[in-house]
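*Asks:* Below is a structure I'd like to ask you about.
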Amino acid sequence: NAGVTQTPKFQVLKTGQSMTLQCAQDMNHEYMSWYRQDPGMGLRLIHYSVGAGITDQGEVPNGYNVSRSTTEDFPLRLLSAAPSQTSVYFCASSYWGGSNYGYTFGSGTRLTVV
Amino acid sequence: GDSVTQMEGPVTLSEEAFLTINCTYTATGYPSLFWYVQYPGEGLQLLLKATKADDKGSNKGFEATYRKETTSFHLEKGSVQVSDSAVYFCALRGNAGNNRKLIWGLGTSLAVNP
């Protein structure tokens, strides 16, 4: 099925550990992005990309790295996990060429840092 | 910059009640407007959209009309069901440069009681 696939669905990390959240889409979307969702905070943009080899920071980029080597994949790396990074993470993708396209979201990764 | 303001929740209704969730926006140019729904434990799904003034988006009994004169895109449903319990997000997307990223409201939680 076409869509955005995120793995893993759940993860528990110890403070200081690193990990990569995976995101893949098969819709040939130029735009991909990572959000975190915390209670009462809505969706906050971490990083985004408008094409392979192009990435940029969102509102809350500190502690996270991204790369975009292919159109399909946009992994999010946590460099040294902190309890403040406990959150639900969503990957979303879209066509970039016009305003009338919505985003397609993955099902999320629930991350707990202890 | 562009922004979206939606009514705070939580909203609690009885089954078959009428629903309105208010959304207003500030934007330059002529953005597209969206409503997304997030059911418990899931990612966000596009519920409906409108791409120009006076357009009405509709889906699953929900409707919203793009009102440029009042810069609003209120979500309505005539008779809610328990299965409509979810968080609803209003968003806008511009059509130039970085304005093509979706700008999100904070979300409104809806609980429908039987």
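*Asks:* Out of all the residues in region A:46-61, which are away from chain B (no Cβ under 12 Å) and either aromatic (Phe, Trp, Tyr) or more than 29 Å from B:Thr108 (Cβ to Cβ) (or both)?
*Replies:* Within region A:46-61, A:Gly51, A:Ala52, A:Gly53, A:Ile54, A:Thr55 meet the criteria.
*Asks:* What residue, among those in region B:1-24 that are within 21 Å of B:Asn95 (Cβ to Cβ) and crowded, with 21+ Cβ neighbours inside 10 Å, is modelled with the lowest pLDDT?
*Replies:* B:Val4
*Asks:* Pairs, please: C-beta under 6 Å, at least 6 apart or cross-chain, first residue over 24 Å from A:Thr104 (Cβ atoms) and in region A:11-28, second assigned to a loop (DSSP other than H, G, I, E, B) and at pLDDT below 95?
*Replies:* Within 6 Å, the pairs are A:Ser18/A:Leu79.
*Asks:* Hey, can you tell me all the residues within region A:66-89 that are closer than 15 Å to A:Gly16 by Cα, polar (S, T, N, Q) and surrounded by 14 or more Cβ atoms within 10 Å (Cβ to Cβ)? Give the steps one after another, and end with the answer.
*Replies:* Within region A:66-89, the first condition is being closer than 15 Å to A:Gly16 by Cα, and the residues that meet it are A:77-86.
Adding the requirement that they be polar (S, T, N, Q) leaves A:80, A:84-86.
Hits for region A:66-89 are A:Gln85, A:Thr86.
*Asks:* Across region B:28-46, which residue is farthest from the other protein chains (Cβ to nearest Cβ) among those that are assigned to a strand (DSSP E or B) and under 15 Å from A:Ala92 (Cβ atoms)?
*Replies:* The initial filter retains those residues of region B:28-46 that are assigned to a strand (DSSP E or B), namely B:32-38, B:44-46.
Remaining after also requiring under 15 Å from A:Ala92 (Cβ atoms): B:34, B:36-38, B:44-46.
On the way: B:Phe34: 5, B:Tyr36: 8, B:Val37: 11, B:Gln38: 9, B:Leu44: 5, B:Gln45: 7, B:Leu46: 4 Å.
Ranking the candidates gives B:Val37 first.
*Asks:* Right, another one. Going through region A:1-19 one residue at a time, which ones are surrounded by fewer than 13 Cβ atoms within 10 Å (Cβ to Cβ), assigned to a strand (DSSP E or B) and either at pLDDT below 95 or of a type outside the set (A, V, I, L, M) (or both)?
*Replies:* A:Phe10
*Asks:* Keeping to region A:47-76, report how many residues are out of contact with any strand residue (DSSP E or B) (no Cβ under 9 Å at 6 or more places or on another chain) and assigned to a strand (DSSP E or B).
*Replies:* Residues in region A:47-76 being out of contact with any strand residue (DSSP E or B) (no Cβ under 9 Å at 6 or more places or on another chain) and assigned to a strand (DSSP E or B): 1 in total.
*Asks:* Here's another thing I want to ask about it. Checking the condition touching a Phe, Trp or Tyr at 6+ places or on another chain (Cβ under 9 Å) and of a type in the set (S, T, N, Q), which residue from B:Thr20, B:Thr12, B:Thr5, B:Thr26 passes?
*Replies:* None of the others qualify; the one that does is B:Thr5.
*Asks:* Now a separate question. State which residue is nearest to the other protein chains (Cβ to nearest Cβ) when the search covers only region A:24-45 and only residues that are of a type in the set (A, V, I, L, M), surrounded by 15 or more Cβ atoms within 10 Å (Cβ to Cβ) and in contact with a Ser or Thr (Cβ under 8 Å, 6 or more places away or on another chain).
*Replies:* A:Leu45
*Asks:* Given the conditions (1) surrounded by 14 or more Cβ atoms within 10 Å (Cβ to Cβ); (2) in contact (Cβ under 8 Å) with a residue 40 or more places away in the chain; (3) within 30 Å of B:Lys52 (Cα to Cα), which single one is not true for A:Gly58?
*Replies:* Against the list (1) surrounded by 14 or more Cβ atoms within 10 Å (Cβ to Cβ); (2) in contact (Cβ under 8 Å) with a residue 40 or more places away in the chain; (3) within 30 Å of B:Lys52 (Cα to Cα), A:Gly58 comes up short only on (2).
*Asks:* Of the residues in region A:77-101, how many are touching a residue at least 24 places away in the same chain (Cβ under 8 Å), assigned to a loop (DSSP other than H, G, I, E, B) and either under 16 Å from the mean Cα position of the chain (by Cα) or within 10 Å of chain B (Cβ to nearest Cβ) (or both)?
*Replies:* Adding up the residues that qualify gives 6.
*Asks:* Inspect all residues belonging to region B:55-75 and state whether any of them is more than 10 Å from every other protein chain (Cβ to nearest Cβ), part of a strand (DSSP E or B), touching a Gly at 6+ places or on another chain (Cβ under 9 Å) and closer than 26 Å to A:Ser49 by Cα.
*Replies:* no
*Asks:* Moving to a separate point now. Give the residue that is surrounded by the most Cβ atoms within 10 Å (Cβ to Cβ), with candidates limited to residues of region B:82-107 that are assigned to a loop (DSSP other than H, G, I, E, B) and of a type in the set (S, T, N, Q).
*Replies:* Among those that are assigned to a loop (DSSP other than H, G, I, E, B) and of a type in the set (S, T, N, Q), it is B:Ser85.
The values are calculated or read from the model by the stated rules, or taken from the named source; none is laboratory data. Owing to the predicted nature of the structure, the values given are computational and were not obtained by experimental measurement. In this analysis, Cβ positions are derived from the backbone assuming ideal geometry, glycine residues included, and neighbour counts consider all displayed protein chains.
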